[in-house]
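Inspection log for the structure reproduced underneath, given as structure tokens.
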Amino acid sequence: MDIQSLKIDLAQKILELKDQSTLAKIASVLDDSAIVAYSTNGEPLTKTDYLKTLSDAEKEIDSGDFLSHEEVVKTSNDW
């Protein structure tokens, strides 16, 4: 089945659903897989990926693994 056929099939099944809880689960899956940001390399990030990236960055900051503004300015001036 090609992607267009799959989309049509899924849309028809969703339109026929009467169970709100199932629709909520589908909405949640779609929300979690939606692209909400892009990495510094330009790669798309889903909500889950983005939250993990933020969590990892917070851990680096908490452990002191970061550059101060002054260090960044100095480094950029050395280029």
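The values are calculated or read from the model by the stated rules, or taken from the named source; none is laboratory data. Note that the coordinates shown come from a computational prediction; the quantities given were computed from them, not determined experimentally. Counting neighbours? That spans all protein chains shown, and the Cβs are built from the backbone with ideal geometry, glycine included.
One residue is enough: does the stretch 38-52 have a residue meeting the conditions surrounded by fewer than 11 Cβ atoms within 10 Å (Cβ to Cβ) and either among the charged types (D, E, K, R) or in contact with a Cys (Cβ under 8 Å, 6 or more places away or on another chain) (or both)? Lay out the reasoning, then the answer.
Narrowing the stretch 38-52 to residues surrounded by fewer than 11 Cβ atoms within 10 Å (Cβ to Cβ): 40-43.
Cutting the leftovers down to either among the charged types (D, E, K, R) or in contact with a Cys (Cβ under 8 Å, 6 or more places away or on another chain) (or both) gives us 43.
So far as the stretch 38-52 goes, yes, one or more of its residues are surrounded by fewer than 11 Cβ atoms within 10 Å (Cβ to Cβ) and either among the charged types (D, E, K, R) or in contact with a Cys (Cβ under 8 Å, 6 or more places away or on another chain) (or both).
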key: Matching residues, the stretch 62-78, being surrounded by 10 or more Cβ atoms within 10 Å (Cβ to Cβ) and outside any loop (DSSP other than H, G, I, E, B)   = E71, V72, V73, K74, T75
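Being assigned to a helix (DSSP H, G or I), in contact (Cβ under 8 Å) with a residue 12 or more places away in the chain and either out of contact with any helix residue (DSSP H, G or I) (no Cβ under 8 Å at 6 or more places or on another chain) or polar (S, T, N, Q) (or both), is that true of even one residue in the stretch 19-41?
Restricting attention to the stretch 19-41, the residues satisfying the condition of being assigned to a helix (DSSP H, G or I) are 20-33.
Then drop every residue that is not in contact (Cβ under 8 Å) with a residue 12 or more places away in the chain, which leaves 26, 31-33.
Among the residues that remain, those that are also either out of contact with any helix residue (DSSP H, G or I) (no Cβ under 8 Å at 6 or more places or on another chain) or polar (S, T, N, Q) (or both) are: 33.
Within the stretch 19-41, one or more residues are assigned to a helix (DSSP H, G or I), in contact (Cβ under 8 Å) with a residue 12 or more places away in the chain and either out of contact with any helix residue (DSSP H, G or I) (no Cβ under 8 Å at 6 or more places or on another chain) or polar (S, T, N, Q) (or both).
One line per residue, one yes/no per condition, for (1) modelled with pLDDT of 95 or more; (2) on the phi < 0 side of the Ramachandran plot; (3) touching a Ser or Thr at 6+ places or on another chain (Cβ under 8 Å); (4) charged (D, E, K, R):
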{"residue": "D9", "(1), (2), (3), (4)": "yes, yes, no, yes"}
{"residue": "I14", "(1), (2), (3), (4)": "yes, yes, no, no"}
{"residue": "L30", "(1), (2), (3), (4)": "no, yes, no, no"}
{"residue": "K59", "(1), (2), (3), (4)": "yes, yes, no, yes"}
{"residue": "S63", "(1), (2), (3), (4)": "yes, yes, no, no"}
{"residue": "L67", "(1), (2), (3), (4)": "no, yes, yes, no"}
{"residue": "N77", "(1), (2), (3), (4)": "no, yes, no, no"}
remark   = The lone condition L45 fails out of (1) under 24 Å from the mean Cα position of the chain (by Cα); (2) on the phi < 0 side of the Ramachandran plot; (3) not in a strand (DSSP E or B) is (3)
